[in-house]
Amino acid sequence: MARISLTVDGVRYADDIPPRTLLVHYLREQLGKVGTVVGCDTSNCGACTVLMTDPDGRARGVKSCSVLAVQADGRAVTTVEGLGGPDGALHPVQRAFHEQHALQCGFCTPGMIMAAVDLLSDNPDPTSEEVREGLEGNLCRCTGYQNIVRAVLAAAAAAHETAPATESSAEEVAA
Amino acid sequence: MTATVSEPEVGRARRRKEDARLITGRTLWTENITLPGMLHLAILRSTVAHARIARIDVSAALERENVVAAFTGADVKDVQGSLPCAWPVTEDIVMPGHPPLAVTEVRHVGEAVAAVVARDRSSALDALEAIEVEYDMLPPVLDMEAALADGAPLVHSDSGTNKCYTWVFDSAAAGTGSDIAEAQNGAEVVIRRRYIQQRLVPAFMEPRSVIVDPTSNQVTIWSATQIPHILRVMLALITGEPEHRIRVIAPDVGGGFGGKLQVHAEEFITYLAAQRTGKPVKYTETRSDSMLSAHHGRDQIQDITLYARRDGTLTGIDVKLIANMGAYLGIVTPGVPLLGAFMYNAIYKVPAYRFECTGVFTTTTYTDAYRGAGRPEATYAIERTMDELAVEIGVDPLEIRRRNWITHEEFPYTTVAGLTYDSGNYEAATEKATQLLGYAELRAEQERRRASGDRVQLGIGVSTYTEMCGLAPSRILGALRYGAGGWEQASVRVLPTGKVELVTGSSPHGQGHDTAWSQIVADQLGVAFEDVEVLHGDTRVSHKGMDTYGSRSLTVGGMAIVQACEKVLAKARPVAAHLLECSPEDLEFTDGSFRVRGTPDAAKSVGECALAVFAAHNLPDGIEPTLDADATFDPQNFSFPHGTHLCAVDVDTETGETAIRTYVAVDDVGRVVNPLIVEGQVHGGVAQGIAQALFEEAVYDADGNLLNGSFVDYTVPSSADLPDIVSDRTETPATSNSLGVKGVGEAGTIASTPAVVNAIVDALRPYGVSDIRMPCTPERVWRALKEARS
C-alpha cells in the first residue's frame, strides 16, 4: 500500500492505496467522485479529464485514467463536481455548455468541460479552429462538437465581460 | 390564480432540464451505483474467431483471493437460455442458439466463455488470468460471398448452411408496381453498381454496464440500455423469472445510437451471477470489451441496378443485398436490412422495384441496429446511383432528381414499395439548400478549377433523402413478422398542487425527453414548463413502454402524451363546469384554462380542478376523483422526414486528402417542438454519417481478429476532424399525427454519408474516378486516382 495525501475539490484526503490504483479509480471508488467517468481504456476519449496542479501549483488538465493516484500525492485535483463556486454558482464553461446545448447524453461532458477550462486557461481568447484542435483529445459521439465549440467560445467571450454569468446557480439552470 | 399561457411552449428553444445534473457531475450512470454487499463480475472472452472449446477450467480462478464464484457456459447451460431475436423475417429463417456464455463452440473473437465474481473489480479481472482454456481451432468464416458458396466452412455446423434467410419484395407480386423484368427489357439506360457498406461500431460513449440485485422480492436490474421494457419481457421469457417480479431501471444512459437497443449476453451473465451468489452483482465493460462484444452495424454488399429512359426518367430499381449477420442474431439483426427495403425508391417515382436480401452468418461480432438501421444503406445506394445516372444522362445531379421526385402536389403518395408518404416538399428543401450553399457559384468555381488543372479540386455532393421512421404501426410490424408492437405509452398525473408528473414509455439516453415532453404537456394542459416532471426508465414507474429507437419517441410517444392529456382534460371538464356552475358544454379550453363561452374571465385551470378532485368534497355525482390518465398510441403510418443535404469538398489530387469546405443540411422534420434539440440531433447525426464516409470501419484480419478494437485505431472523429454544419429547415407538417411531427434522430446520419461521397467522386470525375470505397481515407482516394490514371 502507498500513502497519499491530496486535495480534491477543496477537501483534504489521506489514504493508503494499492500503488497501481489509477487516479480516476481513486476518485470514483475511494472518494465517491463519480461525476468523473471512464469512457475507454486507452486514454483516447478524455471523459475522465480533471485538473491537477503541477509542482508549481498551476492547474493542468490531465486524463485521470492515465495518472496513478500516487502521482497526485501532494497535489490539488479539481473535478467537474468542484468546478463551480462554493455557493453552487456555475463555472462560466458549465453555464455556456447549458446555454449553447453543448451536451446530449452528457457522458463526455465532465471531461469536455474540464478540458475546455484547461484550454481557456492556456488561451483565454481562442479561435474556433484553436478550440477544435485544443479539444481533439476528448471524444463526443452525440453533438458533432459544433455546439461544444460554440460554448467554449461563448465562455471565453463571457470571461472578457463583467457580466454576472458566474453568479447563476445550478438551481436556476434547473428551472 | 388561473394560469395564463402567453406563448406556446412547442416551438421554443428551451434550454434543457437535463443539463443541470450533467454539467455538474450529479449523474446516475449504472456504473456509479454501489449497493450493499455488491460483487463485481469480469468476463473471459474468446481470443479466437472459431473453435471448439476442448477444455475450460476455472478452478484456479476460484483459488484466488476475493473470488466468490466462477463459472463457464457448461456450468449454466441448462439455465442460461438463448438470447432473443425478435424478428424472424421469413418462415424458413435459420435461427441458431445464442448462449450468453459459449458452451461447446466459440464463433467470434470476444464471445464470452467464462465469468468470475469477486469482491472487487480488480480481483475479478486478475482472476480471469487463472482460467485455463484450450481451443480446437475451426476455420474462420469471414467473406460473405464465400460463406454462401457450396462447401464453405460453417459457422453453425448443425444448420447445414451459412445462409440465414432470403427475403424478397417484388412490386409486381405486391401489387404496388409493375414487373422489374419489364423495366429491364425496356431500359434505355442501365446503371449497375456495387457498394460496400462497411462494418461500423456504434461507439456510444458510456460503456455498457449492468447491475442485478436479487435481494428484494423483485429482482432489480439496472442497465445502460435503450430498452428497459423490452429487456424486462425478454428476461421473463428467457430466465423464467416471473415478469411481475422483475424491475428494470435504465438510469442515466450515455448514448446508444442503436448500440444499446439490445438484450445482451452480459445482462444475462450478470443475472446468473447474482442468482448464484445471492448478492447484487455489477458488470461494466471496458471499451475493448465493448468493441468486441457489443453489436456492430451496417456491413452489407449492395448490388443495385437502375433502369431508366434516355431522358433520365427512372423505370425500375433492382436491389440485391448480402447482409452480414455476424455469428448470431441479436434482437432485430435480420430485420435491419428490411428497414432499408422500403427506402431504395426514396423520393422518386419508380414504376417497378425488386429487392432481395440474403442474410449470412460469419465468425464475427453480430450486427444489429446502428443509427438509421437499414435506411442509411438504402439512401447511400440510391443517392450514389442517382449521381451516376446524372453523369450518364449528362445533367446536373439536382436535375436528375427533379425529373424523378414526387412533387409537393402529389402527396399523399403511395410508393412502389407500398408506403404512403403523407407529406413532403422536396422542391422547397432543395431550393433552400442550394441557396445556402451557393450552388451555382460553386459549380462555376468548380468549372474554373477544372479548367485550370488546380491540384486541389472542388466537388459538390447532393443527397435528397427521405426515411421512414416513427416506428411503427403495429399491424405492419406484424405483417413483417416482428415479434412486438410499435405503440407507445404515456401517463399524466395532475398533483393536488397543480404540478404534473408525466410518465413516458420511451427511454431517453441523450434526446432531451425531459425538456421536450414538458413543452408538450405545458401546452396541452395549460401548466408551466417548470411545473412538469418527466419520469421514465423504471418499470416500477413506467410500467409500459416500447422504448427508444427508430426516431419514434416524439412521433409515437409524443402522441401518447397528447392523448393522455386529452383524457385528463375530459376528466377535468365536468369538474370545472361544476366549480363554475355551468354546463360542461358551455366550457372551452383556451389559454390554458376552461373558460365559460362568452365570459372568459370565468375560468378554472387544470390545477384548480386537481385540487377540487383531491379534496373530493364537492364534485358532481358519478365523478371518479382523479385527473390521472393513461394513453397508448399506435400510429397508423410511419413518418417520412426528408431534406436536402449538400456538401462541398476540396480534394487534393496529389495526396488524396479531403476537406469538407461547406456542409448544408436542410431538413424537413415536420413541426418542431424544440429547435435547439432538433439542431443538435442534426449536428450529431450528420457527424456520424460523415464518420462513415470518411473515417470509420471495423476491420477483421484473415484469422477473424478485429484489428481496430479500441479508440486508438477505430477512428471516432474528434472535434478537429469535423466541419461546422449549416443547418436549416423547411416545415411541412406530417398529416399522419396531430402534432405534425416526423422525428429527427436518424435523419442526419441517413442523409450525410452519400452527400460526402458524392462530393468526393464529383471532384474526381474528370480524372475517371466513378467510385471510392468507404471510408474515403486519403489512401483510398489516392489509390482510386492512381487506378483511374493508369
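The values are calculated or read from the model by the stated rules, or taken from the named source; none is laboratory data. Keep in mind it's a predicted model, so treat the numbers as computed, not measured. No Cβ is skipped: glycine too gets one built from the backbone with ideal geometry, and neighbour counts run over all protein chains shown. Protein only, heavy atoms only, side chains kept; ligands, DNA and RNA dropped before computing areas. Shrake-Rupley method; radii C 1.70, N 1.55, O 1.52, S 1.80 Å.
Scalar couplings 3J(HN,Hα) for the range B:103-119, obtained by applying the Karplus form with A = 6.51, B = -1.76, C = 1.60 to θ = phi - 60°, are 9, 10, 9, 10, 10, 7, 4, x, 5, 6, 10, 7, 10, 10, 10, 9, 5 Hz; x denotes Gly and Pro. Each residue, residue B:244 and residue B:396, gets one label point 7 Å from its Cα in the Cβ direction; the gap between the two is 6.6 nm. Summary value for chain B: 16 percent relative contact order, contacts being C-alpha pairs under 8 angstrom separated by 6+ residues. Less than 20 Å apart at the alpha-carbon level, and either on another chain or at least 8 residues along: which aspartates and glutamates does that give for residue B:786? Within the straight-line limit of under 20 Å, residue B:786 reaches these aspartates and glutamates: B:454, B:650, B:652, B:654, B:657, B:762, B:771.
A 1.4 Å probe over all protein chains sorts B:756, B:190 by accessible area into B:190, B:756, starting with the largest. A Förster distance of 35 Å, applied to the separation of the beta-carbon atoms of residue B:659 and residue B:137, puts the FRET efficiency at 0.15. Here is what passes the span test in chain B: the DSSP H helices with alpha carbon length of 15 Å or more along the helix axis and a Kyte-Doolittle mean of -0.5 or above are B:228-239, B:265-277, B:375-393, B:426-437, B:513-525, B:559-580, B:675-694, B:747-764.
Here the simple spin-label model places points 7 Å from the Cα toward Cβ, and for residue B:196 and residue A:58 these points are separated by 4.8 nm. Full extension of the chain between residue A:15 and residue A:160 yields a length gain of 48.2 nm, computed as 0.36 nm times the residue separation minus the alpha carbon distance.
3J(HN,Hα) along the range B:619-627, derived from phi through the Karplus expression 6.51 cos²θ - 1.76 cosθ + 1.60 where θ = phi - 60°, amounts to 10, x, 4, x, 8, 6, x, 7, 10 Hz, with x in place of Gly and Pro. Taking all protein chains as they are arranged and a probe of 1.4 Å, the heavy atoms of residue B:403 leave approximately 100 Å² accessible to solvent.
With a/c under 1.5 counting as rounded, go ahead and sort the protein assembly as shown into rounded, prolate or oblate using the C-alpha gyration tensor (a ≥ b ≥ c being the square roots of the eigenvalues; past the cut-off, prolate if a/b is larger than b/c, else oblate). Verdict is rounded for the protein assembly as shown. The range B:719-773 and the range B:287-349 have their alpha-carbon centroids 17 Å apart.
The interface between chain B and chain A buries about 4300 Å² of solvent-accessible area in total (1.4 Å probe, ligands and nucleic acids excluded).
When Cβ neighbours within 10 Å are restricted to other protein chains, what is their mean count per residue of peptide A:71-80? Write down the numbers at each step before the final one.
Numbers: counts 0, 0, 0, 0, 0, 0, 0, 0, 1, 6.
Taking all residues of A:71-80 together, the mean is 1.
The residues B:320, B:282, B:349, sorted by heavy-atom accessible surface at 1.4 Å with ligands and nucleic acids left out, run B:320, B:349, B:282 from largest to smallest. Accessible area per residue for the range B:346-393, computed on protein heavy atoms with a 1.4 Å probe, is 12 Å².
Label separation (residue B:185 vs residue A:66): 6.6 nm, computed from points 7 Å beyond Cα along the C-beta direction. Straight-line reach from residue B:282: taking Cα to Cα under 17 Å and skipping same-chain neighbours fewer than 8 places apart, the aspartates and glutamates in range are A:29, B:31, B:120, B:126, B:206, B:213, B:252, B:266, B:267.
Is chain A best put as rounded, prolate or oblate by its Cα gyration tensor, with a ≥ b ≥ c the root eigenvalues, rounded for a/c under 1.5, and otherwise prolate when a/b is larger than b/c, oblate when not?
Since a/c reaches 1.5 and a/b is larger than b/c, the shape of chain A is classed as prolate.
The value of relative contact order for the range B:108-224, using C-alpha pairs under 8 Å at least six residues apart, is 8 percent. With contacts taken as Cα pairs under 8 Å and at least 6 residues apart, the range A:20-78 reaches a relative contact order of 38 percent.
Projecting the Cα atoms of B:492, B:543, B:451 onto the charge dipole of the range B:416-553, computed from C-beta unit charges around the Cα centre, puts B:451 farthest toward the positive end.
Among the protein heavy atoms, those of residue B:679 account for about 40 Å² of accessible surface (1.4 Å probe, every chain in place). Carbon-plus-sulfur fraction of the accessible area of chain A, 1.4 Å probe, in percent? Percent of accessible area from carbon and sulfur atoms in chain A: 49. Annotation: lysines with alpha-carbon distance below 24 angstrom to residue A:63 (same-chain offsets under eight excluded): A:33.
Judged by the mean number of other Cβ atoms found within 10 Å, the most tightly packed of the peptides B:295-303, B:309-317, B:381-389 leads the ranking B:381-389, B:295-303, B:309-317.
Length available on full extension from residue B:497 to residue B:79: 0.36 nm per residue minus the Cα-Cα distance, which gives 145.5 nm. Shielding value for A:30-38 is 4, the average number of Cβ atoms from other chains within 10 Å of each residue's Cβ. The stretch between residue B:277 and residue B:591 holds 107.2 nm of extra length on full extension. This uses 0.36 nm per residue minus the Cα-Cα distance.
Heavy-atom accessible area for residue A:65, with the other protein chains in place and a 1.4 Å probe, reaches approximately 30 Å².
Step through the table entries B:432/B:742; B:260/B:567; B:544/B:567; B:260/B:432, compare each Cα-Cα distance with 29 Å, and write down the pairs that go over it. Result: B:260/B:567; B:260/B:432 exceed 29 Å.
Counting Cβ atoms of other protein chains within 10 Å of each Cβ in A:145-155 and taking the mean gives 3. Out of the total accessible area of the range B:557-686 (probe 1.4 Å, heavy atoms of protein only), what percent is carbon and sulfur? The computed percentage sits at 47.
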